[in-house]
Amino acid sequence: MSEVEEKYEDIQAASLESFDGKTCPNCGATVTFDPALGEMHCEYCGYHCKLPDASSGNDICEMDFEAAANKESYEWGSEKKSVECKSCGAVTIYDALETAAVCPFCGSTHVMSTTSGESIAPGAVCPFTVTKGNAGDCFTKWLKKKWFAPTKAKKNALPDAFQGVYLPYWTYDAQTTSSFTARVGYDRVVQRDGKKETVTNWRPVSGVYQEFFDDETVVGSKRHEGTPISSCEPFDFTKLVPYSPQVVAGFAAERYSVGLKEGWEAAQKKIQNKLRTDISQYARGNWRADKVDSLHFSTLYSKVTYKYLLVPVWLSSFKYKEKVYQFVVNGQTGKVGGKAPTSVWKVLLAIGIVAGVIAGLCFLLR
């Protein structure tokens with residue numbers, strides 16, 4: 001190893017101890033998380049260091065829902081500030097020294113700093129693994145497949161306009177115990193007037209069904225109902241790392257607008273829908289029936305725990321004929337979600353071509 005390389009190794013070793021999670025210990029520039037490297041990186045001098053390993057003691061844990069008031073942490077780990085968009089209402093969290101001139105959700109420049117109230121700090125993060133360049137490539141391929149999108153709209157939807165944002169998610173675990181009543185039916189074939197008919201004999205049943213639900217997810221933002229966010233799911237929660245300010249450095253993080261209890265109510269609705277299907281299948285199998293109907297059940301929840309997570313997405317939006325179109329790329333998988341505008345002329349042209357082909361085939365057949 002040369003003298004220069006030895007000196008550089010000494011600098012790296014010393015700087016790991018002095019790294020505060022925000023500034024480069026070598027040149028003083030802002031250090032951010034690089035999805036391509038999976039490490040903290042300074043783009044000015046090349047300094048880089050790995051994040052603390054999850055097995056070092058800072059484990060991801062489930063929080064007790066009932067004791068949440070006593071266990072909630074309102075400290076994000078470093079000085080942060082909230083920025084509110086006056087156009088769409090989004091509230092994002094930034095490092096205190098960062099400036100936000102454009103809303104990452106709608107592209108508006110009408111943003112302003114706001115006083116941040118108490119909010120739970122995230123417990124874990126799904127880090128970005130898809131870079132901005134990769135997200136642009138995924139988006140370009142996706143947009144090319146939208147044959148009916150206007151050419152002008154495609155030109156306005158630039159792949160380099162993406163911004164990386166961490167979105168809030170709640171996950172809930174719960175043990176369920178459900179008492180239920182239902183009717184189970186047994187089919188048999190009978191002969192009536194020389195014809196075969198299926199007749200069902202019904203009998204009432206009742207019982208208790210238990211099931212554990214793990215990581216039932218709820219988006220922690222009211223802004224994304226009916227938006228492309230759900231179309232880019234799922235996220236891989238097996239790749240979670242404990243939250244630290246270093247992981248989210250360089251990215252905006254949306255503050256949740258769906259609270260812990262409100263999120264649990266939404267999770268219960270999803271669980272209830274799944275239980276209806278699961279209990280029906282259980283009753284059909286347990287009584288070896290052909291059908292199940294008139295199912296009624298009530299559920300007791302126990303051992304309810306939760307996690308507050310941040311998941312990575314690349315967001316982009318543009319205006320076309322006074323309407324905002326938003327696109328999203330999953331920051332883990334590269335899956336693209338969004339709805340492109342439709343060109344009426346392209347649709348009419350396609351219809352005309354199809355009609356012409358059909359008319360031509362009919363003429364040949366005659």
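The values are calculated or read from the model by the stated rules, or taken from the named source; none is laboratory data. Note that this is a predicted model, so its numbers are computed, not measured. Because the Cβ atoms are built from the backbone with ideal geometry, glycine has one as well, and the counts that use them run over all protein chains shown.
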Response to the item:
If you go through 221, 230, 206, 280, the only one that is at negative phi, in contact with a Gly (Cβ under 8 Å, 6 or more places away or on another chain) and not hydrophobic (A, V, I, L, M, F, W, C) is 230
Worksheet, complete the sentence: If we take the stretch 159-258, then strands (runs of 3 or more DSSP E) inside it with 2 or more residues that are touching a helix residue (DSSP H, G or I) at 6+ places or on another chain (Cβ under 9 Å) and closer than 30 Å to residue 294 by Cβ are 163-192, 195-219
Discussion item. Only one of 185, 194 is among the small types (Gly, Ala, Ser) and over 23 Å from residue 297 (Cα atoms). Can you tell me which?
Written reply: 194
Item to complete: Could you check, for the stretch 274-291, whether at least one of its residues is surrounded by fewer than 18 Cβ atoms within 10 Å (Cβ to Cβ), among the β-branched types (Val, Ile, Thr), in a strand (DSSP E or B) and in the same structural domain as residue 140 (by TED's automatic domain parsing)?
Response: no
Worksheet item: Listed residues 282, 306; which is at pLDDT 85 or above and over 12 Å from residue 169 (Cα atoms)?
Response: 282
